[in-house]
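Presented below is the structure to which this report refers.
No lab work stands behind these numbers, since they all come straight from the coordinates. Given the structure is predicted, the values throughout are model-derived calculations rather than measurements. We place every Cβ from the backbone using ideal geometry, glycine too, and count neighbours over all the protein chains shown.
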Amino acid sequence: MSEMQIEQIQTMLNQVVIEITQAAQHLATQASQVLSSDSILTQGGVKLTESDRNHLQTYIQTALEQSQYSHGMGFASYSAATDQQQGYWTLEWWYKKDQKIQQAELESYQEMQQRLDFRLFDWFNHPAENKQPYVEGPYVDYICNHAYTITFSHPVMVDQQFVGVIVIDLLVSTLDQLVLPKLKMLDQIAVVTNDDARIILSNTAKYRTGALFREKTAEKSTQQQHPFQLMLMKSMT
């Protein structure tokens with residue numbers, strides 16, 4: 001029975017990762033196609049035209065509407081400063097609230113963006129440097145939702161040039177609702193961590209979200225290089 005429950009948990013975790021990863025990849029492809037037309041490309045970024053923005057908004061809203069697990073989605077970019085103009089932070093962000101999709105008008109506050117330079121955040125910096133998808137979290141997102149969050153990001157490339165990232169947020173509370181009931185049915189201590197052994201959730205109050213999981217005797221039940229690692233320990237009794 002326990003093995004079946006563990007398999008069900010692994011399946012749930014895989015479903016979440018596959019859905020969000022595919023959505024990020026698809027949005028990145030759509031963004032690349034939109035931005036390759038009449039966009040104002042700069043070193044390492046892009047400044048959206050009105051047409052670009054309208055297309056991106058439609059794609060983002062559609063993807064978010066279709067997602068079972070995502071709380072918010074968007075596109076982030078930084079257009080570098082030139083002799084004629086200051087640097088410009090683009091953050092086209094949409095989120096779910098009260099079963100509706102709403103826009104967070106964060107881009108309007110350029111002074112705030114300068115104080116919260118997302119080029120320094122791992123979800124932006126890693127794809128910018130490595131041109132590869134990245135998963136960050138759990139961390140408390142003080143900008144968008146003030147909750148424990150896991151962020152999936154995917155680079156957007158135009159003619160082999162990095163111009164920004166597609167970003168998708170998964171709330172830890174969403175995983176809680178989905179996975180925790182199954183974890184509590186196990187007769188073992190079970191902890192879900194990220195790749196860096198940071199705890200996402202567990203079936204015991206001993207292990208808190210955000211803390212490091214240091215138990216060397218735990219048995220890893222999830223495949224390597226998976227953003228969610230299921231760790232199993234001794235019997236609960």
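Send over the Kirkwood Rh of the range 115-237, from the inverse of the averaged 1/r over different Cα pairs, rounded to one decimal Å.
15.7
With 0.36 nm allotted per residue and the present C-alpha distance subtracted, the Gln57-Gln225 stretch has 57.3 nm of extension available. At an R0 of 30 angstrom, the distance between the Cβ atoms of Thr49 and Val140 translates into a FRET efficiency of 0.30.
In whole percents, the pair-distance distribution calculated for the range 174-235 from its alpha-carbon pairs, binned every 5 Å from zero, is 4, 20, 32, 29, 13, 1.
Think of it as helices only: each DSSP H run of n ≥ 4 in the chain is worth -39500 (n - 2.57), and spread over all residues that comes to -11000 deg cm²/dmol at 222 nm. Computed packing ranks the peptides 123-134, 182-193 as 182-193, 123-134, most packed first, by mean other Cβ atoms within 10 Å. For the chain, the tally of Lys pairs with Cα-Cα distances below 21 Å comes to 12, considering only residues 8 or more apart or on different chains. Put simply, the amide H of Leu201, placed in the peptide plane, has neighbours under 5 Å in Val192, leaving out anything fewer than 5 places away on its chain. Legend: calculated FRET efficiency, Leu120 to Lys234, from the Cβ-Cβ distance at R0 = 35 Å, rounded to 0.05, equals 0.30.
If I model the chain as equal point scatterers sitting on the Cα atoms and use the Debye formula, what is log10 I(q)/I(0) at q = 0.11, 0.15, 0.16 Å⁻¹? Scattering profile of the chain, log10 relative to I(0): -0.59, -0.98, -1.09.
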